[in-house]
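Heads up: the structure comes next, in structure tokens.
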Amino acid sequence: MKPILTIRGGNVVTPTGVLMKGTVVIEDGRIADIRPNTSALASAGQVYDATGCWVMPGMIDTHSDAIEHEMQPRPTSRFALEFSYQELERKLVSQGVTTIYHSLSMWGENSSNDFRKNQSVKDIVNRIANLRQHDHLIHHRVHIRVELTNDSVVPFVEEFITQGLIDQMSFMDHTPGQGQYRNTDVQKKFIMERQKKTEEEVNAILEERKNRAKIADAELQRLADLAYRNDVPLASHDDDSIEKLDRIQQWRGTISEFPVDLAVAVEAKRRGLYVVMGAPNVMLGRSHSNNLSAQEAIRAGVVDILCSDYYPPAMLRAVFLLVSQGLDIVEAVNMVTLNPARALRIDDRTGSLTAGKEADLLVVREQAGSPVIQNVFVRGQLVCQMNYLSGTTRAALSGKGAERIEA
């Protein structure tokens, strides 16, 4: 008999609505049925009571550089990938992320970050491919970010694509004076703070970056065509003009990440591109680079996807913050589940609570206005459960400690 799991009594967020006090039946790791009430429950298997909670799909993070920070939390502290990978997925599952696209930047040999040099990225990609074959809590994918000034990157990316090692690719350009860093003062401040350099040193760095050679257009088109033939979704990054949207469509890209002003975001949406904004931007109410506010773009109806960018805990909180501001919960949840699944072409197996799909789902309760993960299931298996204590009581204390608190 196939394993059966029933989650009952929760408010089930489907792609088109909410089933209040609904029931989700899981068989053999897949969603077998979704019912609008708790009647006619499966008579066999485990039953989880989700009364008073939201039941929603596991979140899909399309763009996260968290693995880099996990490997190098301080400039002089570096940990092995295998250790960092395992520790990061423990954090991610507790934050409700069930599919992660590790975003690995390829800046080339000029990068001050060793993890972003071509050979280092190749090593990380191959090791992640190996780790994916072992026991894991969540689904791991790879998103390669190709810096346009890295003119030695092409053979590396060709190998990644032809060997089936990557699941998403984006073209990005951090040349000073355009894109994310149209305001070079913002870029200068960021480098000074992150790398602890003087203004004179940073001015020299920016000048060198301005003069770097870029990948030839024909080479970029060749990479884009190779990605298209191998079903690797392609994104642009920090679009700041209509001309950049023209280029991504010429490359047959389908995703516009972090457009830097509203007019470009509106046009990207009009053209049918998936528009991605950062969940930290939603939480902060602004872009950390002083570009487009995600909340403003969402109010304009032009955002399809929220990703963690650099801070995974923001994803679930951003969803519930938007709901508290009046956004429909289905629309908010779809931004971190179904829409990214569609953009990355995995919606046939995940991204929504739909019969036949893998049972990646969250049970979330609200506490003092904040979302709290209660259970996380991946392929129908309980991989995370958190039981919060109700608070410190006098019975839990003893001796002088209790007397001091009481006083």
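Selection over region 329-347 of residues that are of a type in the set (D, E, K, R), under 17 Å from R141 (Cβ atoms) and either in contact with a Gly (Cβ under 9 Å, 6 or more places away or on another chain) or part of a helix (DSSP H, G or I) (or both) gives a count of 1.
Taken together, the criteria place D348 among residues that are over 28 Å from L389 (Cβ atoms), among the acidic types (D, E) and modelled with pLDDT of 95 or more.
Of all the residues in region 78-102, those that are of a type in the set (G, A, S) and without any contact (Cβ under 8 Å) to a residue 60 or more places away in the chain number 2. Cβ-Cβ distances below 9 Å connect the following pairs, each with a first residue in region 296-322 that is in contact (Cβ under 8 Å) with a residue 40 or more places away in the chain and closer than 13 Å to K269 by Cα, a second residue that is surrounded by fewer than 22 Cβ atoms within 10 Å (Cβ to Cβ) and among the hydrophobic types (A, V, I, L, M, F, W, C), and a separation of six or more residues or different chains: V302/L262; V302/V266.
Checking the stated criteria, V372 turns out not to satisfy the condition of being at pLDDT 95 or above, β-branched (V, I, T), crowded, with 19+ Cβ neighbours inside 10 Å and not in a loop (DSSP other than H, G, I, E, B).
Of the candidates A368, A343, the single residue that is aliphatic (A, V, I, L, M) and touching a Ser or Thr at 6+ places or on another chain (Cβ under 7 Å) is A343.
The values are calculated or read from the model by the stated rules, or taken from the named source; none is laboratory data. Because the structure is predicted, anything quoted here is derived from the model rather than measured. Glycine gets a Cβ as well: all are built from the backbone with ideal geometry, and neighbour counts include every protein chain shown.
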